[in-house]
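Bear in mind these aren't lab numbers, they're just calculated from the coordinates by the rules spelled out. Computed from a predicted model, the values in this text were never measured in an experiment. Cβ: placed from backbone, ideal geometry, glycine included. Neighbour counts: every protein chain shown.
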Amino acid sequence: MKRVLLVAALLTAGVAGTQSISAQERVNLDMTGRIRAEAFNRSQVMKTLDHLTDVIGPRLTNSPSMAEANRWTRSRFSEWGLSNVHDEAVDDIGRGWSFNDASVEMLAPRVMPLHALPKAWTPGTNGAVEGEAIQVKLESKADLEKWKGKLSGKIVFTDGLRAYKPNEKSDFSRHDHETLEEMLSYPLPRERNADADRMAKYLERMELAPLINQFMIDEGVVATMSISSWNDGIVRVMGGGSRKAGESVGVPALVMMAEHYNTVMRALDRKEPVRLRVNVDARFLNEDNQPGYNTIAEIPGTGPQKNEVVMLGAHMDSWHTGSGANDNGAGVAVMMEAVRILKAVGAKPNRTIRVALWTGEEQGLIGSQAYVAKHFARYPEPTDPAQKALPAAFRTEKGALQRTSDYGKIVAYYNLDNGSGKIRGIYAQENLAAAPIFEEWLKPWHDVGATIVTQRNTGSTDHVSFDAVGIPGFQFVQDQLDYFSHVHHTHLDVQDHASADDLKQASAIVASFVYNTAMRADKLPRKPMVD
């Protein structure tokens, strides 16, 4: 009998707890309805994305097109009636760089155009240049000694042949019931020393890279070619050389589509001389480190908690090929559309809503980290040179967190940066207390596919800058579409691969989450800090 009563009491307490949460997190369905109507019937998200991608184009950090994106997004925020619209400098982000054209031709043993694109922050060729192809392994200082005096006039292929393997999975995917259920499971974190080998290899590469750059110049190498990490004609290309003033930028460096790269490798394997012509029109825009800029705007709070802030954001920088439509023009367009929606429906938030469009995410969350450090909290720079050489996320010696006076005023940060796929839920980032709140907020969106709250962490984008210092920072769960098969950091990252309906859905959900956070009686709970 006692056991039955105990079970009944526990069940009653559980139901009461659920009812208490439901009552506290009751969603304003009138406002939700207005958000849905504006987002689904009067959307401007694709108009915004079109201008960012087809008009402005790719937005490499500190490039002229990134500066134009800062200017244009400021003008749109001002037109929509947002307040405190401004750019905020991020110091010493590096040199500007741009390229206009690139071509590679095989002249012997037969004539053939080869598809390759330059790595960012590598020099141009100053006109067409020719050289003999050679495959060289340069993975250590010993390799540099081995090839000293043997590479003058050569075009160095830095990788070997990679056998072609057809894709075993669909190139385009959406979550289904099974994959969403799987995301609800929580994988236990690895031990901290599990990344020791990865960190050691990273430091080794960082030490070797400038040595290789200077070695190529000293040896008179014409250019280098790397193989694209993806098959099927997709050129996946990021940075090389150096964006930091005073560091060697090496020689013109390109990434070639795998199938063309393998064609050259097979000719070399047959001992046939391979002669190429390379022409890269690329240039550095200044010789000194320059500041980059985050673009910021606000919807001022009107209630007693107007000095508290709810933030949303996405990174506006992209890589230099394609047009940066899905990484991360899509996220920028959604966040801009979310605040446009809130202005259009006449939202009067209790707390201030602040939108941020970041620079330098692709170079290591530079813009968002600088913003968080300036306004909210930062860890001191390590004194150990080995630790200082590591990216902030890899450091194991952090010291005591240094909080600003505004640290307690930031309530949450919401981010979008996984392509243009629709929102299917949200990563709670191990914030157990936030999960039931988010579950209530998602209920009006179940009919458009957003249903789950997972305790999993997800990383590699700007919410990490907030989460790392104990500020509730969240990324949404999205359908992948073809983000990780065709567009991520490739020349195919263009508007054609963005889904208009998915972006409308995402804009509505982001607007509602931000509004609910701004109107909630209490701040969102914070998870315990892990030293």
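Numerical summary
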item: From phi via Karplus (6.51, -1.76, 1.60), per-residue ³J(HN,Hα) for region 436-445 in Hz, x at Gly/Pro; result: x, 5, 5, 4, 5, 5, 7, 4, x, 10
item: Length-normalised contact order for the chain - Cα pairs under 8 Å, 6+ apart - percent; result: 22
item: Region 507-531 residues near the modelled ASN307 label - backbone nitrogen below 19 Å, point 7 Å along Cα→Cβ; result: 518-524
item: For ARG236, distant residues with modelled amide H under 5 Å away; result: SER229, TRP230
item: Interatomic Cα distance distribution for region 364-425, bins of 5 angstrom, percent; result: 4, 14, 20, 20, 16, 13, 9, 4, 1
item: Cα long-axis angle, helix 258-269 against the chain (0 to 90 degrees, to the nearest 10); result: 30
item: Phi to ³J(HN,Hα) by Karplus 6.51 cos²θ - 1.76 cosθ + 1.60 over region 324-331, Hz, x for Gly, Pro; result: x, 6, 9, 10, 9, x, 4, x
item: For peptides 326-336, 49-59, 274-284, sequence by mean Cβ density within 10 Å, most packed first; result: 326-336, 49-59, 274-284
item: Which of PHE40, PHE215 has the fewest Cβ neighbours within 10 Å, and the rest in rising order; result: PHE40, PHE215
item: Burial ordering of TRP72, TRP445, fewest other beta-carbon atoms within 10 Å first; result: TRP72, TRP445
item: Segment LYS169-GLU272, length gained on full extension (0.36 nm per residue, minus Cα span); result: 33.4 nm
item: Prolate/oblate/rounded call for region 88-155, Cα gyration tensor, a/c under 1.5 rounded; result: oblate
item: Sequence-distant residues sharing a close amide H with VAL90 (under 5 Å, placed H); result: GLY292, TYR293, ASN294
item: Residues in region 148-166 reached by a label modelled at ASN231 [backbone nitrogen below 12 Å; 7 Å Cα→Cβ]; result: 162-166
item: Cα-projected label distance for SER75 with GLN214, points at 7 Å along beta-carbon direction, nm; result: 4.5
item: Under-5 Å amide H pairs with TYR379, H placed in peptide plane, nonlocal only; result: GLN402
item: Excluding exposed DSSP-loop GluC sites (Glu not before Pro) (at most 10 other C-beta within 10 Å), longest clean stretch of the chain; result: 288-531
item: Karplus-derived 3J(HN,Hα), 6.51/-1.76/1.60, for each residue of region 154-166, Hz, glycine and proline x; result: 8, 9, 8, 8, 8, 10, x, 5, 10, 4, 6, 10, x
item: For the chain, calculated [θ]222 nm from helices alone, where every DSSP H run of n ≥ 4 adds -39500 (n - 2.57); result: -10000 deg cm²/dmol
item: Sorted by Cβ density within 10 Å, fewest first, the residues ARG162, ARG42; result: ARG42, ARG162
